[in-house]
Every structure is written in structure tokens, then in C-alpha cells.
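Chemist: This structure is in C-alpha cells; I'll ask about it shortly.
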Amino acid sequence: MNSTRTINFCLRNVTPEARACLRQSPHHVIEDFCLQRCGDCEQGPFLVVDGDLIAGGNHLALLHELDRK
């Protein structure tokens, strides 16, 4: 299932390469300076998808996994 989702991400937590991929994705992407999730941000890459936190090794892998669902 490849439905359109809302993805929020913190500009400080996403690399420029991942940011470009997110902007080109078919999803509704919202860039925020800060998502007020400092603990999650310190732990590593994450995205907030439809209000739910998903975390993993890197943003590109997270986006790829999201597109596979």
C-alpha cells in the first residue's frame, strides 16, 4: 500500500540529502525547525508519520520503508 501520508521532520535532524528526497516524495511533507522531541532527536534519525514517531538507522531507510508499506 503506497498511500499519501503526512511526514513531519526536524530540520536539525535531517541531512541535506535526506531532506531533498523527502521533498520529492509523494507524501505531504512538513519541515519544522524543531518538533519539540529533543530526546528523540539526540538518539538519532526519526520522522513523525501521521502523528506517530518512527525511528531508525537513517532517514532514507525510513522513507524507503514507509513507501513499501
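Chemist: When Lys and Arg each count +1 and Asp and Glu each count -1, what net charge do the other residues less than 12 Å away from residue 12, Cβ to Cβ, add up to?
Modeler: Values: positive: 19, 37; negative: 31, 32, 40, 42.
Summing Lys and Arg as +1 and Asp and Glu as -1 gives -2.
Chemist: With an 8 Å Cα cut-off and a minimum separation of 6 or more residues, compute the relative contact order for the chain in percent.
Modeler: Taking the mean separation of contacting Cα pairs over the length of the chain, I get 38 percent.
Chemist: If you don't mind, there's one more thing I want to ask. How large a share of the accessible area of the chain, in percent, is made up of carbon and sulfur atoms when the probe is 1.4 Å and the other protein chains stay in place?
Modeler: That share works out to 49 percent.
Chemist: Just one of (1) 21, 12, 10; (2) 26, 13, 12; (3) 18, 12, 12 is semi-axes √(5λ) of the Cα gyration tensor in Å as worked out from the coordinates here. Which one is it?
Modeler: (3)
Chemist: I would also like to ask the following. Determine the per residue accessible area of the chain with all protein chains present and a 1.4 angstrom probe, expressed in square angstrom.
Modeler: 63
Chemist: For the chain, what does -39500 (n - 2.57) per DSSP helix run (n ≥ 4), summed and divided by total residues, give at 222 nm, in deg cm²/dmol to the nearest 500? Write out the running numbers ahead of the final one.
Modeler: Working: 3 runs with 25 residues, N = 69.
My calculation for the chain gives -10000 deg cm²/dmol from helical runs alone.
Chemist: Which order do peptides 26-39, 3-16 fall in by mean Cβ count within 10 Å, highest first?
Modeler: Result, highest mean Cβ count within 10 Å first: 3-16, 26-39.
Chemist: If you stretched the chain out fully between residue 4 and residue 25, how much longer would it get, using 0.36 nm times the residue separation minus the C-alpha to C-alpha distance?
Modeler: Difference between extended and current length: 6.6 nm.
Chemist: Gap in Å between the Cα centre of segment 32-68 and the Cα centre of segment 1-24?
Modeler: 9
Chemist: Okay, moving on. Distance in nm between label sites at residue 64 and residue 41, each 7 Å beyond Cα in the beta-carbon direction?
Modeler: 2.7
The values are calculated or read from the model by the stated rules, or taken from the named source; none is laboratory data. Predicted model only: the values in this text are computed from it and were never measured. When we count neighbours, we look across all protein chains shown, and the Cβ atoms used for this are built from the backbone with ideal geometry, even at glycine. Just so you know, the surface numbers come from the protein's heavy atoms only, side chains and all, with ligands and any DNA or RNA stripped out. Shrake-Rupley method; radii C 1.70, N 1.55, O 1.52, S 1.80 Å.
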